[in-house]
Amino acid sequence: MSFPPTPGIGSRRAFARANRSLVGGVDSPVRSFGGVGGTPVFFRRGRGPYLWDVDGRRYIDLVGSWGALPLGHAPPAVVRAVRSAAGRGLTYGAPSPSEHELAERILRAIPTVDRVRFVNSGTEAVMSAVRVARGFTGRPRVVKFEGGYHGHSDGLLARAGSGLATAALADSAGVPPSVVGDTLVLPYNDREALARLAEARGEEIAAFVVEPVAGNMNVVLPRPGFLRALERTCRSTGALLIADEVITGFRLRYGAVHPDFGVRADLVTLGKIIGGGLPIGAYAGRKDVMEVVAPRGPVYQAGTLSGNPVVMAAGAATLDALTPAVYRELERRSARLEASWTRAARDAGAGPFALTRIGSMLGLFFGASPPRDLEEALRVDRARYARFFHALLARGVYLPPSPLETAFVSAAIGATELGRLERAGRESFTVAGAP
Ligand SMILES: *Cc1c(COP(=O)(O)O)cnc(C)c1O
C-alpha cells in the first residue's frame with residue numbers, strides 16, 4: 001500500500017511562507033510537529049468530524065482544537081448563534097446580557113460555585129484564580145503537580161527542582177527564579193509527598209492547583225483517594241483547592257468533573273469548550289472567595305474583550321447542544337474506538353501499548369502500562385508514536401502531533417468514521433510496530 005506524501009505541496013509551501021512571518025511558522029509550539037517530526041499540515045476548512053487541508057485532503061479530526069470542540073467542527077446551531085451575535089456588533093466594551101446568560105448556565109451546571117468571571121484564555125483563568133487565592137488567604141505560595149499544565153503564565157511555568165517539595169525551577173527561559181520562587185511542585189498522584197509538604201509548609205500555601213484528570217501528560221487518572229487527600233490537605237492547611245477544568249469541564253460531563261471524585265473545589269477554572277471554539281477562559285468560585293475580585297474587592301483583574309458577545313453566544317449555543325444524549329453517544333463511540341484500537345495494537349504486534357480512556361478523552365501510550373505521573377508518561381516510545389501518527393495522517397486521520405497530548409472524540413464522529421478509524425488504526429499499528 002502506498003500513500004501520497006503528507007503533507008501535500010500546499011502545506012509545505014504554506015509552512016515555508018509562514019516561517020517568514022511567524023515564529024517557527026506557528027502561533028503555538030505544539031502545532032509545529034516538533035513532537036513527531038515532519039511538516040505541519042495547514043488546514044482550510046472544518047466541518048463535523050472532518051478537517052480539510054490546503055491540498056484538499058480530508059482528515060478525521062481527533063484533536064478537536066485540543067478539546068474545544070465536543071460537537072465537531074462548525075455545528076450549525078453554534079455557527080448560527082455566532083452569525084447572529086456578530087451582526088449585532090463584535091464587542092461593546094460594556095456589559096451585555098450575553099455574559100450573565102452564559103454565566104447562569106455555568107452556575108447551574110456547577111452547583112458548588114456562585115460567581116463567574118470571564119477572561120480570554122485558560123491561561124488567564126488559572127493565573128487569575130491563583131491571584132484570587134493569594135488575595136483571599138493572604139498567603140504567597142501555590143502548589144502545582146508535575147505534568148499538570150495550567151497555561152503559560154510565568155508563575156505556573158514551573159517544574160520540580162531537585163529534592164522533594166523544594167521551590168520550583170522555571171520551565172521556560174525568560175521566567176526569573178524569583179517569579180517561580182513561590183511555586184512548589186509535587187509529583188501527581190503522590191499522597192506521601194503531599195502530606196510531607198503540608199506538614200512542612202502548609203501555612204504558606206494559598207492554593208493547590210490540579211487537573212482532576214490530567215490531560216497534558218497523556219491521560220493520567222487520579223489514583224483512588226488522591227483528590228480526596230488533596231482536599232483534606234487544603235482543609236487542614238487553609239489553602240484553597242483550584243480545580244483546573246479547562247479540558248475536563250463540560251468534556252467528561254455537563255459541568256465540572258471533580259465532584260465525581262468526591263471533592264469540592266473552592267475555585268474552578270474553565271476554557272476550551274465553554275467558548276464553543278472561540279477564545280475564552282473563566283474562573284468561578286464560592287461567593288465569599290470571588291468577592292475579593294474587583295470591582296467588589298481588592299484583587300485586580302480586567303479585560304478589554306472579556307465577556308465578548310460573540311464568544312458568549314458561541315459558548316451558550318454549545319452548552320445548550322450538550323444534552324445528556326450527546327454525552328451518552330460520546331461515551332459509546334469513544335468506548336468503541338478504545339476497544340478497536342486496543343485490539344488492533346495487540347493483533348498488529350505493535351509492541352507495548354496502553355490506552356487510557358475516560359469519556360471522550362483518550363491517552364494513547366506506547367509503553368507497557370498506563371502512566372501514573374509525569375515520570376512514567378515521559379517513558380513513552382516517541383519513535384513508535386511518531387510512526388503511528390504519520391501512518392494515520394497518510395490514511396486521513398489527524399491525531400495530536402505529540403505523544404504527551406490527549407486525543408479527543410467528538411459527537412460528530414459517527415459509525416462511518418468509526419469504521420474508517422478502525423481500519424486505519426489496524427494498518428497504522430502495523431507500521432508503528434515494524435522495526
Ligand atoms: C489548555 C489548558 C490551559 C490553558 O488554556 P489556554 O486557553 O490555552 O490558555 C490551562 N489548563 C489546562 C488544564 C489546559 O488544558
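The values are calculated or read from the model by the stated rules, or taken from the named source; none is laboratory data. Keep in mind that this is a model prediction, so the values were computed, not measured. Cβ sites come from the backbone with ideal geometry, for glycine too, and all protein chains shown count toward neighbours. We work out accessible area using only protein heavy atoms, side chains counted, and drop any ligands, DNA or RNA first. Shrake-Rupley method; radii C 1.70, N 1.55, O 1.52, S 1.80 Å.
Got at least one residue in the range 297-310 being assigned to a helix (DSSP H, G or I) and surrounded by 16 or more Cβ atoms within 10 Å (Cβ to Cβ)? Yes, because at least one residue in the range 297-310 is assigned to a helix (DSSP H, G or I) and surrounded by 16 or more Cβ atoms within 10 Å (Cβ to Cβ).
Any idea which of S153, S121, S178 is away from the ligand (no atom under 14 Å from the Cβ) and either among the hydroxyl-bearing types (S, T, Y) or not assigned by TED's automatic domain parsing to the domain that holds V293 (or both)? Walk me through it before giving the result.
Details: S153 fails: away from the ligand (no atom under 14 Å from the Cβ); S121 fails: away from the ligand (no atom under 14 Å from the Cβ).
Checking each option against the conditions leaves just S178.
Here A243, A200 are screened, and the one residue that is free of Cβ contacts under 8 Å to residues at least 40 places away in the same chain and in contact with a His (Cβ under 8 Å, 6 or more places away or on another chain) is A243.
Residue count for the range 208-240, restricted to those that are assigned to a loop (DSSP other than H, G, I, E, B) and either open to solvent by 10 Å² or more (accessible area, probe 1.4 Å) or over 16 Å from A193 (Cβ atoms) (or both): 14.
Within the range 75-99, if we keep just the residues that are among the hydrophobic types (A, V, I, L, M, F, W, C) and open to solvent by 50 Å² or more (accessible area, probe 1.4 Å), the residue that is farthest from F250 (Cα to Cα) turns out to be A94. In the set (1) touching a Lys or Arg at 6+ places or on another chain (Cβ under 6 Å); (2) in the same structural domain as S428 (by TED's automatic domain parsing); (3) open to solvent by 40 Å² or more (accessible area, probe 1.4 Å); (4) not charged (D, E, K, R), the condition left unmet by A339 is number (1). The residues on offer are F3, F42, and the sole one that is within 23 Å of the chain's Cα centre (by Cα), over 30 Å from E245 (Cβ atoms) and of a type outside the set (G, A, S) is F42.
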